[in-house]
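The values are calculated or read from the model by the stated rules, or taken from the named source; none is laboratory data. All values reported here derive from a predicted model rather than from experimental measurement. Methodologically, a virtual Cβ is constructed for each residue, glycine included, from the backbone with ideal geometry; neighbour enumeration extends over all protein chains shown.
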Amino acid sequence: MSEPVVDIQSVVKRYAGHTAVRNVTWQVPRGTVYGLLGPNGAGKTTIIRMLLNIIVPDEGRITLFGMPNKSRGLTDRIGYLPEERGLYRKMQVRRLLRFLAELKGVSRRVADGRIDHWLERLALRTPDKDWGTAKVDDLSRGMQQKVQFIGTLLHDPELVVLDEPFSGLDPINAQALKDTVVDLRRAGKTVIFSTHLMDNAERLCDAVCIIARGEVVLDGPLAEVKARHGGRHVAVALESGDGIGEILEDRRLVRRVDDSNRYFEVELADDADPQELLRRIVASGAAVQRFELVQPSLHQIFLERVGAQGIEEGMTGQG
């Protein structure tokens, strides 16, 4: 097995009476999309900042590409999109991107070609409009986020770290970012992104690490994580969710349910017969659009492993 791109061993970070990260050990293999997941305040951003040597851990060690993360030259191999966005709002977009590329040692000629590519790729340059000539201030929030994303990639980094990249994006811009992450993975890049949005992680990630209260509660390839939490889950979709509440509260049939009004993810009770659940739903008069035995969703696994208490406690923590 090749050496991991990121190797974090027994890392601890404390802030004035609060331990934000507790003895975290985590490895990210080369060429993977790895999700760092957890509720707001769980410690995700703190881990990323330590990984990038923005802040220093109180205990433990971190290596990148087999070298201590303080080693010279590593920053040029990494692209980082922070959670807190920041752009020079009065600068022209193209000049700003050229400036960011030159900071990473990319020549103007090479940078201009890459800028053209990314502006077109992310629909910031069309036959009707070239947003590269506009000032950052004139762009929508979603466009500004795409500009900063472009700035993260212009030096062709080997490791791309995205902190809450989908925050505030509409579905069209979110899809453009997802497509780009997939292409980076196919090009052999390693991508880490932190998020509290489980649907995005489930669609994109090869592997996930779930953080709660500053600790790793789950880590591994997504397929293995789902297999370990297999249980017996049923996806149910109805024309209307009215009238089946009593059925879903029957603990002889249902251990747990995620109720989204017309869509339900049901974990069956031990020894419960899924056909009995289906029979009772049909007998209630509900029109069934889907009834399927499935693996648990990442959302359901997250709720099971983190739980409401972990989310509430995380909200008061750092990062």
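Before moving on, here are some points about what is shown:
- Candidate set: the range 33-92, residues that are under 15 Å from residue 195 (Cβ atoms) and of a type in the set (Ser, Thr, Tyr); chosen: the one surrounded by the fewest Cβ atoms within 10 Å (Cβ to Cβ): 45
- Count - residues of the range 200-248 that are on the phi > 0 side of the Ramachandran plot and crowded, with 18+ Cβ neighbours inside 10 Å: 2
- Residues within the range 120-157 that are assigned to a helix (DSSP H, G or I) and of a type in the set (D, E, K, R), tallied: 6
- Among (1) in contact with a strand residue (DSSP E or B) (Cβ under 7 Å, 6 or more places away or on another chain); (2) over 24 Å from residue 4 (Cβ atoms); (3) loosely packed, with under 13 Cβ neighbours inside 10 Å - the single one residue 148 does not satisfy: (3)
- Some residue of the range 249-270 being assigned to a strand (DSSP E or B), aromatic (Phe, Trp, Tyr) and either in contact (Cβ under 8 Å) with a residue 40 or more places away in the chain or surrounded by 16 or more Cβ atoms within 10 Å (Cβ to Cβ) (or both): yes
- Flag for residue 159 being under 24 Å from residue 36 (Cβ atoms) and in contact with a Ser or Thr (Cβ under 8 Å, 6 or more places away or on another chain): yes
- Pairing residues of the range 16-34 that are touching a residue at least 40 places away in the same chain (Cβ under 8 Å) and at positive phi with residues that are aliphatic (A, V, I, L, M) and buried (at least 16 other Cβ atoms within 10 Å of the Cβ), at Cβ distances under 8 Å and at least 6 apart in sequence or on separate chains, gives 23/11; 23/12.
- Counted residues, the range 1-13 - those being on the phi < 0 side of the Ramachandran plot and in contact with a strand residue (DSSP E or B) (Cβ under 7 Å, 6 or more places away or on another chain): 9
- All positions within the range 53-92 that are over 25 Å from residue 188 (Cβ atoms), modelled with pLDDT under 90 and within 21 Å of the chain's Cα centre (by Cα): 83, 84, 85, 86
- Qualifying residue in the range 273-295 (condition: in a helix (DSSP H, G or I), more than 19 Å from residue 230 (Cβ to Cβ) and touching a residue at least 40 places away in the same chain (Cβ under 8 Å)): yes
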